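Everything below concerns the one structure shown next.
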């Protein structure tokens, strides 16, 4: 169960943070790795996010989940680190699928899908990858994406549209295999 703080409660406690870290740190790291494509930067982003979240825990809005709040801080930290390491340029992203099953056949299929998607994502432009990941995997709004990458909403929409189209074409073989 995700760490949820009730409305009107005190700031998250150390135990709340430990519970969220235990349950979700892999997800935060995976999201940061998708953005930075660098394991060290991704780990730094998660660490920065946790430190910032702890320092700013008094600002936490108890109407949301703690792990979601930290996730958002981690994604923002990854984007900031990426900007600092390569100003004005986004790096390619990789896809990482969480494994929620013990079924070996399902695990193999998930791994194959992960590999196919990672290869397809690698063929997108950097802006297309970032916009696609933030929109469809991280559930950001177009306005938020445009503010983060410093462009207008129309460019973000175009990048997401192109990415979706390219991914559909690139991964058409999967649909054909189902038939």
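The values are calculated or read from the model by the stated rules, or taken from the named source; none is laboratory data. Here the structure is a predicted model, which means the values were calculated and not measured. With ideal geometry, Cβ positions are generated from the backbone for all residues, glycine too; neighbour counts draw on all protein chains shown.
Values as computed for the structure displayed
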{"item": "Region 49-101, residues that are modelled with pLDDT of 50 or more and in a loop (DSSP other than H, G, I, E, B)", "result": "56, 60, 61, 62, 63, 64, 86, 87"}
{"item": "Criterion violated by residue 59 - all others in (1) over 18 Å from residue 148 (Cβ atoms); (2) in contact (Cβ under 8 Å) with a residue 40 or more places away in the chain satisfied", "result": "(2)"}
{"item": "Residues of region 127-136 classified as surrounded by fewer than 16 Cβ atoms within 10 Å (Cβ to Cβ) and more than 12 Å from residue 164 (Cα to Cα), total", "result": "0"}
{"item": "Test: residue 12 is out of contact with any strand residue (DSSP E or B) (no Cβ under 8 Å at 6 or more places or on another chain) and either more than 29 Å from residue 151 (Cβ to Cβ) or modelled with pLDDT under 85 (or both)", "result": "yes"}
